Ligand code: UD1
């Protein structure tokens, strides 16, 4: 039962509510470690990555409970600083706990984190930057130990923009002694959400939403209740699914303010978007595509997490096109699976050349990572015949009950 069976060829019609953001929830849950007391995180998506983060927090001694979309974390009993290897190995975001745990306990032992295999994804910059804040790190074959008496503010001039490093340094800096500068900082909306959460708890952060964050360390933070924003990547995935199948879908609570680049590409590729007060109405195939090139960039550029779903849209569109991936070096893993469905896509370096005008047919395909897996589901919805997307657990990492959501939109899908 780790697969999805899809009988393709049906237009999507109806509405779906966009869940809370995975990439905002995870660092915010990690940030609760900085606060002595109980924080309430609302609109937390019910996905396996959040579940693993909850388990990690519990294994450190926190009391964690979920009441529908609200996750409560009480850190008063935080007692351990060794992270269990099973959760760390399945989720790259466990690295997020490093900065927060060092701030709170001064020592951490963990294995190297896992997560989606989309490139080498080293953590060298995390470790190097934390060393600049006074942390002593001893690396071993499978993991490392880190220790510090009190974190010290530092000026970080990073060699490239990293979402994870920006988040980790923010978490390390808010309780550090003195001032920390992060430049260039990632500007993703999820980082803005983390800054908002921390600021409400009493942190002093300037430059939120810009590529230069200045954090003035404080002595302590107070418990808060915070609502996680909607997931722009999930909204973009359902948008793509609708573009692949045709039809009209209302994406309720889609965070349009964070989707400018995605929506403008969708419109150039043939969709019509109508903006409503509580979401967007997508008409999947309104006109021929006028967009033949897409390049992934850090925010506010086109997100790498939606590169695979848009590759499927391009494969189905009438023209040839190309996608340049500039964030991760190995993010074309769905190409071999789309090939089984009849797509004609060639890879040269960091660019995929897509033949276009493809009629996809059903096939048995393997998800190899989260967003690629969701893209294979979108391709299967548009394909003629039956497909099976294996390794559903990758998709469950980031999408709340995707089978039920798609069924409510009229798709013929089931667990397999
Ligand atoms: C986060 C997101 C992920 C998204 C990515 C880019 C979460 C939980 N995940 O991942 O969905 O695709 O941002 O928007 O929020 N790098 C190094 N050394 C390091 C750290 C990163 O070389 O120490 C490299 C990575 O391999 C990658 C690039 O930097 O090539 C950017 O990665 P980064 O922004 O750090 O991505 P994540 O935080 O892992």
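Numbers for the structure displayed
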item: Single residue of region 243-260 satisfying the filter (closer than 21 Å to residue 296 by Cβ and in contact with a helix residue (DSSP H, G or I) (Cβ under 9 Å, 6 or more places away or on another chain)) that is surrounded by the fewest Cβ atoms within 10 Å (Cβ to Cβ); result: 257
item: Hits in region 155-169 (condition: within 16 Å of the ligand (Cβ to nearest atom) and more than 18 Å from the chain's Cα centre (by Cα)); result: 156, 157, 158, 159, 160, 169
item: Residue list for region 90-113, restricted to those being in a helix (DSSP H, G or I) and within 15 Å of the ligand (Cβ to nearest atom); result: 90, 92, 93, 94, 95, 96, 97, 98, 99, 100
item: Every residue from region 165-195 that is under 11 Å from residue 151 (Cα atoms), touching a strand residue (DSSP E or B) at 6+ places or on another chain (Cβ under 8 Å) and crowded, with 21+ Cβ neighbours inside 10 Å; result: 169, 172, 173, 174, 176, 180
item: Filtered residue count, region 311-336, keeping only those that are free of Cβ contacts under 8 Å to residues at least 40 places away in the same chain and either surrounded by 16 or more Cβ atoms within 10 Å (Cβ to Cβ) or within 11 Å of the ligand (Cβ to nearest atom) (or both); result: 8
item: Some residue of region 199-222 being assigned to a helix (DSSP H, G or I) and away from the ligand (no atom under 13 Å from the Cβ); result: yes
item: Filtered residues of region 317-336 (kept if under 18 Å from residue 240 (Cα atoms) and over 22 Å from the mean Cα position of the chain (by Cα)); result: 317, 318, 319, 320, 321, 322
item: Region 282-310, residues that are within 12 Å of the ligand (Cβ to nearest atom), in a loop (DSSP other than H, G, I, E, B) and in contact with a strand residue (DSSP E or B) (Cβ under 8 Å, 6 or more places away or on another chain); result: 301, 303
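Each reported figure results from applying straightforward, stated rules to the coordinates on display, with no laboratory input. Worth saying up front: this structure is predicted, and the values here are computed from it rather than measured. All Cβ positions, glycine included, derive from the backbone under ideal geometry; neighbour counts span all protein chains shown.
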